[in-house]
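**Student:** Questions regarding the structure given below will be posed in turn.
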Amino acid sequence: MARKQTAAARYAQFTGLALLLPASTLVGYAIGYYLDKAFGTDWLKIVFLILGSAAGFVALIRQVMQDSHDDGA
């Protein structure tokens, strides 16, 4: 049987979820920016921005699905 989380633990978990999407988008853009500088291109930052955003959404959806499954059981 799963233990109930304290209010502080739930708050920390949801704060992490709130920061997940902007952080992954920023990291994706930064990787693309530095690759653009290294290779002399100007389109990689857009590709990695999209990949970072997609990765953030996937992680967000996985966490929400896991939380909804844990609450329903």
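The values are calculated or read from the model by the stated rules, or taken from the named source; none is laboratory data. In this text, all values refer to a predicted model and were calculated from it rather than measured experimentally. Backbone-built Cβ (ideal geometry, glycine too); neighbour counts: all protein chains shown.
**Student:** Working only within region 1-49, note down all residues that are within 29 Å of H69 (Cα to Cα), touching a Leu at 6+ places or on another chain (Cβ under 8 Å) and of a type in the set (S, T, Y).
**Tutor:** The answer is T25, and nothing else.
**Student:** Another question, if that's okay. What are the residue pairs meeting all of these: first residue in region 49-73, first residue more than 8 Å from G28 (Cβ to Cβ), second residue modelled with pLDDT of 95 or more and of a type in the set (A, V, I, L, M), Cβ atoms under 7 Å, and 6 or more apart or on different chains?
**Tutor:** Hits for this filter: zero, empty list.
**Student:** Provide a single number: the residues in region 14-45 that are loosely packed, with under 13 Cβ neighbours inside 10 Å and part of a helix (DSSP H, G or I).
**Tutor:** Selection size over region 14-45: 9.
**Student:** Anything in region 27-45 that is in contact with a helix residue (DSSP H, G or I) (Cβ under 7 Å, 6 or more places away or on another chain) and either within 30 Å of K4 (Cβ to Cβ) or of a type in the set (A, V, I, L, M) (or both)? List them, or say none.
**Tutor:** Scanning region 27-45 gives V27, I31, L35, L44.
**Student:** So how many residues does region 29-44 have that are closer than 19 Å to A55 by Cα and of a type outside the set (F, W, Y)?
**Tutor:** Residues in region 29-44 being closer than 19 Å to A55 by Cα and of a type outside the set (F, W, Y): 5 in total.
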